[in-house]
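Asks: Have a look at this one before I ask anything.
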Amino acid sequence: MSKITAAITAVGAYVPDHVLTNEMLETMVDTNDEWITSRTGIKERRILKDAEKGTSFLGIKAAEDLIRKKNLDPKEIDLVIFATATPDIFVAATAAYAASEIGAVNAFSYDLQAACSSFLYGMSTAASYIESGRYKKVLVIGADKMSSIIDYKDRTTCIIFGDGGGAALFEPNEEGLGVQDEYLRSDGVGREFLRIAAGGSLMPTTAETVANGQHYVRQDGKTVFKYAVSKMAEAGTEILKRNALTADNVDWLVAHQANERIIDATANRMGLDESKVLKNIKYYGNTTSATLPLLLNDFEKQFNKGDNLVFAAFGGGFAWGSIYMKWAYNS
Ligand code: UT7
């Protein structure tokens, strides 16, 4: 009997309509289009303006897009993993609400939080369930309403992040396509350099934490940048080596979109030609858990069955890694 592998069989995505351009940011903080473009590659990002809607809205829309494209009966979904760093609320998982809203009434569901690596880790989790033979349809949603945790007076973060959602369906494959290998790592040293200080059990929200702006995400950009390049490249290179992949037989690098310079440096260290490096950061900025599925959705038509995709991500925690996948369908 051939080994069961876990393949992506459909993708979907959603970004809100409102566009926040570099020019608009120039009126909000001391920055300029030239600085943002040359340091990050970002020109605009999407913002969910409706204060009544949380991250679930983005994820539900993305899942509904997938369901429509695939003509999928949501009752067949076994598990919904909602990868996010910005859950709607604490305690009750955003996944449970999203699963009910999309009609996945026979599924169980939970949230997965690994900051910007949430979707990558979710891919690993989904693949493990499928490979074990226990479940047949696992939906991984990656979505973040980053605007809900950004201080729009802080020019070192507000220029980077945006809102968005994406989704991918994982199913068993008997042709050997889908997830081939993974290299995932974490290091708690990163907690100092990228975090929201207040609102958790360590520092519950008080009037004082709010006055201090400690409910917003803060980062030491330079340190995060250095770790991101070195760890993403290390993970990607290890994946190439372990699977005897050369730069020539990698078809696509699907890298977390945090900063164009991080993506380029990672590709460079892996020896990959720029024509293989997928990018949409210019239009969305860093959407955290949504960057990887947004790339899959935007470039889906360019993928061919059997293409070698190498995923790489790095984020808060620190948490990072790389996954090697053989694409399973032509669209
Ligand atoms: O997914 C994981 C999440 N985060 C990341 O991956 C982010 C990783 N880090 C980065 O992308 C970059 O470090 C940033 C984009 C955040 C910053 O770029 P940088 O090239 O590392 O700039 P820097 O922090 O070294 O700052 C250079 C200068 C500073 O001025 P001085 O001290 O040289 O006078 C900053 O104050 O640029 C200044 N600066 C800005 N100027 C205009 C910082 N932010 C801005 C801004 N506009 N928005």
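Asks: Please find the FRET efficiency linking Ser100 to Asp251, where r is the Cβ-Cβ separation and R0 is fixed at 35 Å, and quote it to the nearest 0.05. Write down the numbers at each step before the final one.
Replies: On the way: r = 37 Å, r/R0 = 1.07.
Once rounded, the FRET efficiency stands at 0.40.
Asks: Moving on. So if R0 is 35 Å, what FRET efficiency would Glu131 and Ser275 give, r being the distance between their Cβ atoms, rounded to the nearest 0.05?
Replies: On the way: r = 32 Å, r/R0 = 0.91.
The value I calculate is 0.65.
Asks: Here's another thing I want to ask about it. At q = 0.06, 0.11 Å⁻¹, what is the base-10 log of I(q)/I(0) for the chain according to the Debye formula with one equal point scatterer per Cα and no solvent? Please give it to two decimals.
Replies: Evaluating at q = 0.06, 0.11 Å⁻¹ gives log10 I(q)/I(0) of -0.19, -0.65.
Asks: Considering the convex hull of the alpha carbon atoms of the stretch 1-115, report its projected area averaged over all viewing directions, in nm², one decimal. Before the final figure, lay out the partial values.
Replies: Working: hull surface 42.7 nm².
If you wrap the Cα atoms of the stretch 1-115 in a convex hull and average its projections, you get 10.7 nm².
Asks: Another question, then. Only sites in a loop by DSSP and with at most 10 other Cβ atoms within 10 Å count here; which trypsin sites (Lys or Arg not before Pro) in the stretch 1-67 make the cut? Don't skip to the end; give the middle numbers.
Replies: Numbers: sites: Lys3, Arg39, Lys43, Arg45, Arg46, Lys49, Lys53, Lys61; in loops: Lys3, Lys43, Lys49, Lys53.
When the trypsin sites (Lys or Arg not before Pro) of the stretch 1-67 are filtered for loop state and at most 10 Cβ neighbours within 10 Å, Lys3 remain.
Asks: Sticking with this structure for a sec: Contour minus end-to-end for Ala51 and Asn71, with contour as 0.36 nm per residue of separation and end-to-end as the Cα-Cα distance?
Replies: Length gained, Ala51 through Asn71: 4.1 nm.
Asks: Follow-up. Between the DSSP loop rule and a limit of at most 16 other Cβ atoms within 10 Å, which trypsin sites (Lys or Arg not before Pro) in the stretch 225-331 are left?
Replies: Values: sites: Lys226, Lys231, Lys241, Arg242, Arg261, Arg269, Lys276, Lys279, Lys282, Lys301, Lys305, Lys326; in loops: Lys279, Lys305.
Taking the stretch 225-331 and a limit of 16 other Cβ atoms within 10 Å, the loop trypsin sites (Lys or Arg not before Pro) found are Lys305.
Asks: Ok, one more. Helix-derived [θ] at 222 nm for the chain: sum -39500 (n - 2.57) over DSSP H runs of at least 4, divide by residue count, nearest 500? Please list the in-between numbers first.
Replies: Values: 10 runs with 102 residues, N = 331.
Result for the chain: -9000 deg cm²/dmol, rounded to the nearest 500.
Asks: Which of Ser117, Ser147, Ser331, Ser56 comes first, and how do the rest follow, when ranked by fewest Cβ neighbours within 10 Å? Could you put the intermediate results ahead of the total?
Replies: Details: Ser117 32, Ser147 20, Ser331 12, Ser56 25.
Final ranking by Cβ density, sparse to dense: Ser331, Ser147, Ser56, Ser117.
Asks: Then there is this: So what is the relative contact order of the chain, in percent, for Cα pairs below 8 Å that sit 6 or more residues apart? Spell out each step's value before the answer.
Replies: Working: 824 pairs, mean separation 84.1, N = 331.
Once normalised by length, the contact order is 25 percent.
Asks: Something else about it: Would you compute the Debye intensity of the stretch 274-331 from its alpha-carbon atoms alone, equal scatterers and no solvent, and pass along log10 I(q)/I(0) at q = 0.21, 0.23 Å⁻¹ to two decimals?
Replies: Per q value, in the given order, log10 I(q)/I(0) is -0.93, -1.08.
Asks: Further question on the same structure: Taking GluC sites (Glu not before Pro) that fall in a DSSP loop and have at most 15 other Cβ atoms within 10 Å as cut points, what is the longest piece of the chain between them? The partial results should precede the final answer.
Replies: Details: sites that count: Glu52, Glu174, Glu175.
Formally, the longest exposed-site-free interval is 176-331.
Asks: Sticking with this structure for a sec: Restricting attention to the stretch 134-217, which trypsin sites (Lys or Arg not before Pro) occupy a DSSP loop and are surrounded by at most 13 other Cβ atoms within 10 Å?
Replies: Filter output for the stretch 134-217: Arg134, Lys153.
Asks: Next question, about the same structure. How high is the FRET efficiency from Glu175 to Gln302, r the C-beta distance, R0 25 Å, rounded to 0.05?
Replies: Details: r = 21 Å, r/R0 = 0.82.
E(calc), rounded to 0.05, equals 0.75.
Asks: Please compute the net charge surrounding Arg185, taking Lys and Arg as +1 and Asp and Glu as -1 over other residues with Cβ under 9 Å from its Cβ. Could the numbers behind the result be given before it?
Replies: Details: positive: Lys231; negative: Asp187, Glu234.
With Lys, Arg at +1 and Asp, Glu at -1, the neighbours total -1.
Asks: Return P(r) of the stretch 180-326 (all Cα-Cα pairs; 10 Å bins starting at 0; whole %; ordered from short to long distances).
Replies: Percent of Cα pairs in each bin: 11, 39, 30, 13, 6, 1.
Asks: Kirkwood Rh over Cα pairs of the stretch 1-61 into Stokes-Einstein at 25 °C, 0.890 mPa s: D in µm²/s? Can you show the working numbers first?
Replies: Details: Rh = 14.9 Å.
Result for D is 165 µm²/s.
Asks: Another question, then. Please tell me which of these pairs span more than 30 angstrom C-alpha to C-alpha: Lys231/Lys279; Lys153/Lys222; Lys75/Lys279?
Replies: Lys75/Lys279
Asks: Please list, short to long, the whole-number percent of alpha-carbon pairs of the stretch 111-223 in consecutive 5 angstrom bins beginning at zero.
Replies: P(r) for the stretch 111-223, in whole percents per bin: 2, 10, 16, 17, 17, 13, 10, 8, 5, 2, 1, 0.
Bear in mind these aren't lab numbers, they're just calculated from the coordinates by the rules spelled out. Quantities reported herein were computed from a predicted structural model and do not represent experimental measurements. Glycine also receives a Cβ, built like all others from the backbone with ideal geometry; neighbour counts cover every protein chain displayed.
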